[in-house]
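Remarks on the structure that follows.
The values are calculated or read from the model by the stated rules, or taken from the named source; none is laboratory data. None of these values were measured; they are calculated from a predicted model. Cβ: placed from backbone, ideal geometry, glycine included. Neighbour counts: every protein chain shown.
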Amino acid sequence: MGRSILQASVTDRGLVLDPRTKILLLLNMAIFVLGSAGGGRVQALTPLFCAMPAVLLLSAKKWRTAITYIILFSVSYVGYAVFGDITTGFLHYFLLSCCGILARFLPSIMMGGYLVSTTTVSEFTAAMLKMKLSEKIIIPLSVMFRFFPTVFDEAASINAAMKMRGIHLGGKNAGKILEYRIVPLMTCCVKIGEELSAAALTRGLGGEVRRTNICNIGFKVQDFIFITVSIVPYVLWILDIVGI
Amino acid sequence: MIEIKNVSFRHENADEGSIHDITLTIPDGQCVLLCGESGSGKTTITRLINGLIPHYYEGEMHGEVIANGLNVTKSELYETAKKVGSVFQNPRSQFFCVDTTSELAFGCENMGLPEADILSRIDKVTAEMNIKSLMGQNIFELSGGEKQKIACGSVSALQPEIMVLDEPTSNLDLNAIEELKETVQKWKQSGKTIIIAEHRLYWLREICDRVICTQNGRIEFDMTMEEFKSLSDEERNAYGLRPLFAENAVQTVGNFSGTDILTLNNFSFSYDKKEVLNIPKLEIPVGSIVAVTGHNGAGKSTFSRCLCGLEKRFKGTVLLNGETLKSRQLLKKCYMVMQDVNHQLFCETVEEEVQLGMNEENAGKVQKILEELDLDGFAQRHPMSLSGGQKQRTAIASAMLADKEILLFDEPTSGLDFKHMEQTAKLLSSLKNKKTVFVATHDPELISRCCTHILRIENGVIDEFTSR
């Protein structure tokens, strides 16, 4: 069985960032690239932000994901600029919206993927503990975090089953592909989720004492570099608001 | 000491109670085997002891359970967790972390122990259980036996006095069972009280002191292991139990009359440049039932995936009825009944389900196939509402109607009791001489009941291929 893309590998992670830095980067990506907040000067910086997930993915040796991202993003970014001038009518809007959506969503999705695939559950929990979040938030979030790889594994098995039944795009049951996928996926995930919670509870999750954590996380040089870069757009934004 | 006092329990949405008025006392240091048919109340009893009932699985409960002085029924789960450790059957769903070290630390972290304490406990557990070499690894890359060791280790690290194991061998091969046996023996020597609910009995012969059999939610018998050993296999079967001595398994094969040959050519496959399967040529009689055995990770599942045409990069072929089938055609001719059959049931009724992907010419046969597989009464039911065996048969029915020639079963009897294992064996036997069947399994009793050939794969190559 191959390992799912979203499963954090324990060794071989290249540039190690603190989970908090990764969360900050993801947040920035959502605010400035997806949400295009911050005004003109910040928006001029977005290509720089969009390059970040590529660098990080490459450092984590996720070659294929990184290269696919770079190609898809460049094509849609360039496409957005070029197609606007050379096409008209329906095609114009179609291409523009496709490229626009891709260029806007892809960087955030990739950053999210990077966060999940390079952070183990316990590192993530440790990071949230250090941010002094309440356990009421930490536990559900870490369960979710643990759950992603499982959902993908289940989806892969269901996909295999569908192939053997001759259900595929272009086949005669193509219209029902979504329904066929969702129903078994829900059933399996609910079952696994239930067992997972039971196993965690019998080992004392959710007690009244504050959890400890043996994970060594902390800010290093690379974290400070990324954090400094991440602060730039906020500064520019504030300057913009004050009118300088 | 564990005291279960007049306990009855009914699950929230169930019509009938799962156990009725059970009273049981288990002294310190005793090792108890809980056996009985599926649904007879074994698992319910284990959940009473670890507190999952009534705190997690809700329902109507009477009576109370006291474990080493702690009232489990009233205490919160994290209090119980300090006294009672639990190991479950499914390796996929009992790990909370992705890497082994954090997993061992997980329970201790929940207790809020200081970091230094946790590290010294981990050291102690890894030394005791001989799992130092597994530390710092990705759990999802370990074999089934190693996963179960980590599960045991993470419970051990909490240092509970009572251990509860719910069908811990369901997903394990024979070697892994031996390893689990060693772990349980160590726990026993250190004086822990152990309760094991299990269908596979033979590995517990020398471990358990006492055997409790449940039936319909009541205790059917409660005897010492010595007395239990003196029962005959027939008596044990009558209680729905599997043989206590694996070597006594019933041998029924006979009347296999295939002469046609199915040839597998060039069955080799690599993941990330590492060769995991290498079978240049293999001839298999059409209509036989081939048990595919071998250790976890030996290449069985890759073999199955290649044969079903699920691996795109797979270049091998199958020669069947003079036709050479490549990956794409194999996808049409082969069908795998997965271990978790829930993955392959898509429709709203059984009738729709079996007709999905059906060869149109077979429209007239639907009723007949449903009858043959004992499903005619369930045609309008939702497949997800069926029992495990009925789901399995639904999957088979759909394969028959889609004119699949080769059927693969992945661990069809894992976690099944005697009666259901026997049913599956009969079902497989009924396919003999009609379809070519491959069964990937660790279950020696299933093999001895229905398989005509054994194919053993080790390290990706054929270790042995024999007819029985």
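Worth pointing out:
- Qualifying residues in the stretch B:47-75 (those that are assigned to a helix (DSSP H, G or I) and out of contact with any Phe, Trp or Tyr (no Cβ under 9 Å at 6 or more places or on another chain)) - the one surrounded by the most Cβ atoms within 10 Å (Cβ to Cβ): B:ASN50
- If you check B:THR436, B:THR441 for being out of contact with any Leu (no Cβ under 7 Å at 6 or more places or on another chain) and in contact (Cβ under 8 Å) with a residue 60 or more places away in the chain, only one passes: B:THR441.
- Positions within the stretch B:433-444 being surrounded by fewer than 21 Cβ atoms within 10 Å (Cβ to Cβ) and not in a loop (DSSP other than H, G, I, E, B), in sequence order: B:PRO444
- Pairs with Cβ under 7 Å, 6+ apart, first in the stretch B:144-160 and outside the structural domain of B:LEU134 (by TED's automatic domain parsing), second of a type in the set (Lys, Arg): none
- Flag for B:GLU198 being farther than 18 Å from B:THR25 by Cβ, under 19 Å from the mean Cα position of the chain (by Cα) and assigned by TED's automatic domain parsing to the domain that holds B:PRO91: yes
- Tally, over the stretch B:85-112, of residues that are facing chain A (nearest Cβ under 7 Å) and within 25 Å of the chain's Cα centre (by Cα): 10
- Of the candidates B:ARG236, B:ARG242, the single residue that is closer than 30 Å to B:ILE454 by Cα, in contact with a Lys or Arg (Cβ under 8 Å, 6 or more places away or on another chain), of a type in the set (D, E, K, R) and assigned to a loop (DSSP other than H, G, I, E, B) is B:ARG242.
- Taking residues in the stretch B:352-379 that are in contact (Cβ under 8 Å) with a residue 24 or more places away in the chain, and partners anywhere that are basic (Lys, Arg) and assigned to a helix (DSSP H, G or I), the pairs with Cβ atoms closer than 7 Å and at least 6 places apart or on different chains are B:LEU373/B:ARG393; B:LEU375/B:ARG393.
One line per residue, one yes/no per condition, for (1) out of contact with any Cys (no Cβ under 6 Å at 6 or more places or on another chain); (2) among the charged types (D, E, K, R); (3) within 19 Å of B:CYS108 (Cα to Cα); (4) without any contact (Cβ under 8 Å) to a residue 12 or more places away in the chain:
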{"residue": "B:TYR56", "(1), (2), (3), (4)": "yes, no, no, no"}
{"residue": "B:GLU60", "(1), (2), (3), (4)": "yes, yes, no, no"}
{"residue": "B:ALA67", "(1), (2), (3), (4)": "yes, no, no, no"}
{"residue": "B:THR73", "(1), (2), (3), (4)": "yes, no, no, no"}
{"residue": "B:GLU76", "(1), (2), (3), (4)": "yes, yes, yes, no"}
{"residue": "B:GLU79", "(1), (2), (3), (4)": "yes, yes, yes, yes"}
{"residue": "B:GLN89", "(1), (2), (3), (4)": "yes, no, no, no"}
{"residue": "B:GLN94", "(1), (2), (3), (4)": "yes, no, yes, no"}
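- Qualifying positions in the stretch B:311-327 - surrounded by fewer than 21 Cβ atoms within 10 Å (Cβ to Cβ) and either in a loop (DSSP other than H, G, I, E, B) or at positive phi (or both): B:GLU311, B:LYS312, B:ARG313, B:LYS315, B:ASN321, B:GLY322, B:LYS326
- Any hit, the stretch B:169-186, residues being within 14 Å of another protein chain (Cβ to nearest Cβ) and either closer than 23 Å to B:ASN50 by Cβ or at pLDDT 95 or above (or both): yes
- The set of residues in the stretch B:310-339 being more than 8 Å from chain A (Cβ to nearest Cβ) and within 30 Å of B:HIS382 (Cα to Cα) consists of B:LEU330, B:LYS333, B:VAL337, B:GLN339.
- Failed criterion for B:GLU206 (all others in (1) on the phi > 0 side of the Ramachandran plot; (2) in contact with a helix residue (DSSP H, G or I) (Cβ under 9 Å, 6 or more places away or on another chain); (3) not β-branched (Val, Ile, Thr) hold): (1)
- Given (1) surrounded by fewer than 16 Cβ atoms within 10 Å (Cβ to Cβ); (2) assigned to a loop (DSSP other than H, G, I, E, B), index of the condition B:GLU182 fails: (2)
- Criterion violated by A:GLY166 - all others in (1) within 8 Å of chain B (Cβ to nearest Cβ); (2) part of a helix (DSSP H, G or I); (3) under 24 Å from B:VAL337 (Cβ atoms) satisfied: (2)
Rundown of residues vs (1) crowded, with 17+ Cβ neighbours inside 10 Å; (2) more than 7 Å from chain A (Cβ to nearest Cβ), yes/no style:
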| site | (1), (2) |
| --- | --- |
| B:LEU77 | yes, no |
| B:THR80 | yes, yes |
| B:LYS83 | yes, yes |
| B:PRO114 | no, no |
| B:ARG121 | yes, yes |
| B:VAL125 | yes, yes |
